[in-house]
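Scroll down for the structure; my scribbles are underneath it.
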Ligand SMILES: C[S@@+](CC[C@H](N)C(=O)[O-])C[C@H]1O[C@@H](n2cnc3c(N)ncnc32)[C@H](O)[C@@H]1O
């Protein structure tokens, strides 16, 4: 390509010399073009060598800006709590108020059963056990697990129960209107199984959430965490985590990672995919 451009410039210049001699503004334009050509050629050589070329000249103003690598793997583990409570949570409340999926009990129950079946769970596997639905929303997914002692943690629980007629959070034996980042007194070491669906990228401190999940589980207890991975944020999704960062956080908290898989995104508008983590709190561990 570079040699083709050289030939093109040479032809242009020789043509210009014969036809434009004595026309200063055309000659000036050719000189400028020549300078841009030299800069472009340098850039192309750098690209060929694998170094990113700086954008130069007027074309740079209009060229799509390549994101540097660090942006492609952007991570946001923590945001301002006031931003979360002042912007994200009011957004969540209005989302749930108008959720037709949750308002239709039959539809929701069938879809929820397909969801857990699809991830290899069975409705009776936690009968007689204590389970937590973390970030439960306005409609209890935990009711899939028949005969389980259900604990719901949901920061908008009180509002959902007051304001949404079809909200069934009262069916849980304990409901905590608190965020996942707040340590709930008396819950440490009590839980056999904790799940959280489409929540952890909505929170304000990812690492604190994981630490509390770990603390709530009994040694040998398990967790299933599924959440979107995205590269941009919006008001309702302030946290950005990818597989690598999520696994490191689980590992640092003390978890054994039994399985990690990419799954379909919960919100196609923001995330191309989600991840699901199957975790165990090792038995030898102290609460
Ligand atoms: C998209 S909804 C999912 C609800 C439910 N898990 C479901 O699958 O239907 C996200 C939920 O996460 C809750 N949430 C947001 N921030 C949270 C936090 N810091 N701790 C716990 N839950 C949170 C929201 O209030 C909302 O109910």
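Label positions at residue 233 and residue 257, each projected 7 Å from the Cα along the C-beta direction, are separated by 2.3 nm. Size of region 68-117 from its Cα atoms: along the principal axes, largest to smallest, the extents are 45, 28, 15 Å. FRET efficiency for the pair residue 81 and residue 28, taken as 1/(1 + (r/R0)^6) with r the Cβ-Cβ distance and R0 = 35 Å, rounds to 0.05.
Maximal additional length on extending the residue 146-residue 245 stretch stands at 32.3 nm, based on 0.36 nm per residue less the C-alpha distance. Take the alpha carbon gyration tensor of region 126-253, find the square roots of its eigenvalues, order them as a ≥ b ≥ c, and report rounded if a/c is under 1.5; if not, report prolate when a/b exceeds b/c, else oblate. The shape class here is oblate. The packing ranking, built from the mean of other Cβ atoms within 10 Å per residue, places the peptides 145-151, 213-219 in the order 213-219, 145-151, highest first. Summarising the label geometry, the points placed 7 Å from Cα in the beta-carbon direction at residue 265 and residue 107 lie 2.2 nm from one another. Annotation: the residues 161, 183, sorted from fewest to most other C-beta atoms within 10 Å of their own C-beta, follow the order 183, 161.
Each peptide in 188-201, 111-124, 222-235 gets a packing score, the mean of other Cβ atoms within 10 Å over its residues, and the list from highest to lowest is 188-201, 222-235, 111-124. Highest-first packing order for the peptide set 170-180, 100-110, 244-254, 133-143 is 133-143, 170-180, 244-254, 100-110, based on the mean count of other beta carbon atoms within 10 Å.
Readers should treat all values here as calculations from the given coordinates under stated rules, not as data from a laboratory. Small disclaimer: the values here were computed from a predicted structure and weren't measured. Note that we place each Cβ from the backbone using ideal geometry, even for glycine, and neighbour counts take in every protein chain shown.
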